[in-house]
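Okay, so here's the structure we're looking at.
What follows draws every value from the coordinates through simple rules; no lab data is involved. None of these values were measured; they are calculated from a predicted model. Neighbour counts are summed over all protein chains in view; Cβ atoms, including those assigned to glycine, are modelled from backbone coordinates with ideal geometry.
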Amino acid sequence: MALLFAPAPSFGAGPAEGFEAVRGPDGIQRVRVLAGSYFFRPRQIRVAAHSPVELTVVLEPGLISHDFVIDAPKAGITVHETLGEEPRVIRFMPAVPGIFEFYCSKRFLFFESHKDKGMRGVIEVVP
């Protein structure tokens, strides 16, 4: 079985925070993302431009609803997925290098948004 992602110690805060996707035998770059109470793990993901990406986002059990948003149409990445009991598989092909934010857009009335509470991260697209 091929390694689908590997820690990237030089990227971000360390192995727990940043991952560099590795292309599988089918050419797809895969990363598994864990979502929970106001966090995404890893918070930093590095992928190559012009190669398909597959993120599998798994939500920890809990009562608070969350979603996964990437709003980078110039990069060819526009995602808005509600997270639930079943893992969500998100596929896209990044068109241009850059750093693009992902986040949870949920918020309770009169409270900070989940994004403001730290439920966000970045995808770095490299050439």
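Overview of values
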{"read-out": "Antiparallel DSSP beta bridges within the chain, as percent of all bridges there, nearest 5", "value": "65"}
{"read-out": "Expected-Rg normalisation [2.2 N^0.38 Å, Cα atoms] applied to the chain", "value": "1.02"}
{"read-out": "Ordering of 71-78, 112-119, 28-35 by burial proxy (mean other Cβ atoms within 10 Å per residue, highest first)", "value": "28-35, 112-119, 71-78"}
{"read-out": "Extension reserve of the THR78-VAL22 stretch, reckoned as 0.36 nm per residue once the Cα distance is removed", "value": "18.0 nm"}
{"read-out": "Charge sum, other residues only, whose C-beta stays under 10 Å from VAL33's C-beta, Lys/Arg counted +1 and Asp/Glu -1", "value": "+4"}
{"read-out": "Segment PHE108-VAL69, extension gain: residue separation times 0.36 nm, minus the distance between their alpha carbons", "value": "12.3 nm"}
{"read-out": "Simple Cβ-charge dipole of the stretch 38-90, Lys/Arg +1 and Asp/Glu -1, about Cα centre, in debye nearest 20", "value": "340"}
{"read-out": "Reach of LYS106 by Cα under 19 Å, taken over lysines that are not fewer than 8 positions away in the same chain", "value": "LYS115, LYS117"}
